[in-house]
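S.K.: This is the structure I have questions about; it appears just below.
No value in this document is a laboratory result; all are computed from the given coordinates. As the structure is a computational prediction, the values presented were derived from the model and not from experiment. All Cβ positions, even for glycine, are placed from backbone atoms using ideal geometry, and neighbour counts span all protein chains on display.
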Amino acid sequence: MLKFCGHTMGVPGMGVVEAMRLFGELGYEGIEIRCSDQGTIDPADFGRDLAATINAARRETGVAVACLTPYFRQFHVPAEREAEMAGMRATIDMAARVECLLVRSFAGKNPPMAGPEHERAWDEYVSALQALGREAAREGVGFAIESHGGTLAPSLAEAVRLARAIDLDNVGVLMDYANAYEFGPHGREAVELVAPHLKHVHMKDHLVAADGSFETVDFGAGNVGWPEVLGELVAVGYDGYVSDEYERCWHPELPPAEVAMKQHIDWLRAWGS
């Protein structure tokens, strides 16, 4: 059975406890927490005190921490690699403290690269995630490589190829279906491609025009085929989280989460009924 969590991109400026309370009231089972100096929690604040605050909120709200979402990714830059690795290690530790099983990983940065430069960035990312993945496994934590533009994995196929190269059970794919829609595949073919490696799903609905431009719309109002995708996720036995990645963080003109994310979770519950 699918589980649904709210992403804190939808509540910019809101503290983590307040976000957990809101998501619980709206009907989400979990929370995905954006971790950056401009996010919901700052990695500089990771540690025992913050974990205690989040764990108290978990007990109060019943909302689980589904995923921590940091931005450490410059593993291919020699001057930054160790600091980025340290940031990921701190995220692993924080995840373990709040009983979170998953950390999102951006697959490096590709602005853009080609030839030997791309191959080196690919190899450096793979080696970093292999080392970090083994460490995370000892804490019961895994990684999900997000399909995202501006990275080494803009498509679902590239995210899967990275997961296969890393070759660890606790490192897989975060299927951001809307992000990767332009590259294909779609519907059943997309889910079957990622299914053996699938750890997490980001959901946002888009109305895509013929020229590839798109508009963010209410769940169910887009044309990227979410009803089919959700049905295929159930069919392949995926029982992880589908995260409502409402991007009000980047688009403050959008309606507040209390309105939009309420529509989203109501649509998801109606779809599953």
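S.K.: Only residues that are closer than 20 Å to Val16 by Cβ and touching an Asp or Glu at 6+ places or on another chain (Cβ under 8 Å): list them for the range 69-89, please.
M.R.: Thr69, Phe72
S.K.: Right, another one. Can we say Leu50 is over 18 Å from Ala19 (Cβ atoms) and touching a residue at least 40 places away in the same chain (Cβ under 8 Å)?
M.R.: No; evaluated as a whole, the condition is false for this residue.
S.K.: Further question: Find the strands (runs of 3 or more DSSP E) located wholly in the range 1-73 whose residues include 1 or more that are of a type in the set (S, T, N, Q) and within 26 Å of Asp239 (Cβ to Cβ), and list them.
M.R.: 64-69
S.K.: Just to check your reading of the model, which residue among Arg48, Arg59 is surrounded by fewer than 14 Cβ atoms within 10 Å (Cβ to Cβ) and closer than 19 Å to Cys5 by Cα?
M.R.: Arg59
S.K.: What is the one condition in (1) under 22 Å from Lys262 (Cα atoms); (2) without any contact (Cβ under 8 Å) to a residue 60 or more places away in the chain; (3) buried (at least 18 other Cβ atoms within 10 Å of the Cβ) that Gly240 does not satisfy?
M.R.: (2)
S.K.: Report every pair of residues separated by at least 6 positions or lying on different chains whose Cβ atoms are under 6 Å apart, first residue within the range 256-273 and in a helix (DSSP H, G or I), second acidic (Asp, Glu) and surrounded by 12 or more Cβ atoms within 10 Å (Cβ to Cβ).
M.R.: Listed by first residue and then by second, the contacts come to Met261/Asp244; Gln263/Asp218; His264/Asp244.
S.K.: Checking Arg134 against (1) surrounded by fewer than 23 Cβ atoms within 10 Å (Cβ to Cβ); (2) within 29 Å of Ala209 (Cα to Cα), only one condition comes out false. Which one?
M.R.: Failing condition for Arg134: (2).
S.K.: Any idea how many residues of the range 192-226 are surrounded by 17 or more Cβ atoms within 10 Å (Cβ to Cβ), touching a Leu at 6+ places or on another chain (Cβ under 6 Å) and β-branched (Val, Ile, Thr)?
M.R.: 1
S.K.: Then there's this: Restricting the search to the range 116-135, which residues are aliphatic (A, V, I, L, M) and touching a Gly at 6+ places or on another chain (Cβ under 6 Å)?
M.R.: Ala121
S.K.: Please pick out the residue among Ala96, Ala121, Ala114 that is surrounded by fewer than 21 Cβ atoms within 10 Å (Cβ to Cβ), more than 30 Å from Arg58 (Cβ to Cβ), among the hydrophobic types (A, V, I, L, M, F, W, C) and out of contact with any helix residue (DSSP H, G or I) (no Cβ under 8 Å at 6 or more places or on another chain).
M.R.: Matching residue, one of Ala96, Ala121, Ala114: Ala114.
S.K.: Checking His76 against (1) surrounded by fewer than 19 Cβ atoms within 10 Å (Cβ to Cβ); (2) outside any helix (DSSP H, G or I); (3) more than 19 Å from the chain's Cα centre (by Cα), which test does it fail?
M.R.: Single failed check for His76: (1).
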